[in-house]
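Data first, discussion second: the structure below is written as structure tokens.
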Amino acid sequence: MPDERCEVVLYTSDHTSRLSTLPTDHMIALVDTWAERTERLGARDDVEYVLVFENSGRDVGATIDHPHGQIYAFDHVPDRPRRRLAARWKPDRTRDRLVVERDGWAATVPAASVYPLAVEIHPVERHPDLPSMTADLRRGFASILQDMARRIDHLHGEPAPTMMWFNQRPTVSAARSGEIDGIDDAWFSVEIVSPWRAPRVMRYIAAAEVATNEYFVPVVPEDLAARLRNAT
């Protein structure tokens, strides 16, 4: 992206580390860094949406193995976040798909996903983005995010390739435009997905799915939630 709107966040100097293995204080510092960069980039007049994300593992396109994530500062609100806002997305309260709830946060398996493994983490009470959260709430987020990363590792008996992204409120510049439906109801969440349907077995998208935009994933969400609850 032009104008210094793309950043790389190195999590640690330890080449063999990953989110699930970071020391607690280090993990909290990383969450604070994500919040600070969201706020700093979001204050720019040429930025309407800040996306924090991670590709972890060669199977999802990571070209280096060193633990890291990225931040893109868009000059517009991308289509998917815009549609989530317009739909007034809010957490699914179904207990059968709840994996864990703690410290003001919950992690739930969505009812339907393109991926064989998908989890959404969200605050129990509505908060629109990381910068608006208290220090205590950020610590809770660091804890449950690391908890879920460990459960996903344990699910397959080894670290699985994952993609992670943050859904946050658009920036002040976007709000000023008055064109973003649902911006006042934004609810922060983090989605984590993996293309593995079994250890080292990829789930590939078929022609019928691409043709119809309807996906056939042989995973019962309630079963996945139970497996993740037990993956400790």
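The values are calculated or read from the model by the stated rules, or taken from the named source; none is laboratory data. Everything numeric in this text was worked out from a predicted model, so none of it was measured. Here the Cβ is made from the backbone with ideal geometry for all residues, glycine too, and neighbour counts use every protein chain on show. SASA here: full protein model, heavy atoms, side chains in, ligands and nucleic acids out. Shrake-Rupley method; radii C 1.70, N 1.55, O 1.52, S 1.80 Å.
Evaluate 2.2 N^0.38 Å with N set to the residue count of the chain, then give the Cα radius of gyration divided by it.
The chain yields a ratio of 0.99.
Run the numbers on the chain and let me know its relative contact order in percent, using alpha-carbon pairs under 8 Å that are six or more apart. Don't jump to the answer; show the numbers that get you there.
Numbers: 418 pairs, mean separation 60.8, N = 232.
Over the chain, the number comes to 26 percent.
Binned at 5 Å from 0, what are the whole-percent values of the Cα-Cα distance distribution for region 30-96, short to long?
3, 14, 17, 16, 20, 18, 9, 3, 0
Say R0 is 30 Å: what FRET efficiency, to the nearest 0.05, do Cys6 and Ala86 get from their beta-carbon distance?
Approximately 0.70, to the nearest 0.05.
For region 145-186, what is the accessible area per residue in Å² when the probe is 1.4 Å?
41 Å²
Can you list the GluC sites (Glu not before Pro) in region 96-194 that are in a DSSP coil and have 15 or fewer other beta carbons within 10 angstrom?
Glu125, Glu179
Given +1 on the Cβ of Lys and Arg, -1 on the Cβ of Asp and Glu, and no further charges, what dipole in debye does region 1-125 carry about its Cα centre, rounded to the nearest 20? It would help to have the intermediate numbers written out before the result.
Numbers: 16 positive and 22 negative charges, 132 e Å.
The calculated dipole for region 1-125 is roughly 640 debye.
Mind putting a number on the dipole of the chain about its Cα centre? Charges go on the C-beta only, +1 for Lys and Arg and -1 for Asp and Glu, and I need it in Debye to the nearest 20.
Dipole of the chain, to the nearest 20 debye: 620 debye.
Please identify which residues in region 36-71 have an amide N closer than 19 Å to a label point set 7 Å out from the Cα of Glu158, following the Cα→Cβ vector.
Label zone hits: 56-67.
Which values, in whole Å and largest first, are the semi-axes of the equivalent ellipsoid of region 1-119 obtained as the square root of 5 times each eigenvalue of the Cα gyration tensor?
24, 22, 16
Given a Förster distance of 35 angstrom, what is the FRET efficiency for Asp103 paired with Ala211, based on the Cβ-Cβ distance and rounded to 0.05?
Given R0 = 35 Å and the Cβ-Cβ separation, E is 0.20.
Keeping all protein chains in place and using 1.4 angstrom, which order do His156, His15 fall into by accessible surface area, from largest down?
Result, largest first: His15, His156.
With a 1.4 Å probe and every protein chain kept in, tell me what percent of the accessible surface of the chain is carbon plus sulfur.
50 percent
Among Leu19, Ala107, Trp89, pick out the residue whose Cα is farthest towards the positive end of the charge dipole of the chain, where Lys and Arg carry +1 and Asp and Glu carry -1 on C-beta, about the Cα centre.
Ala107
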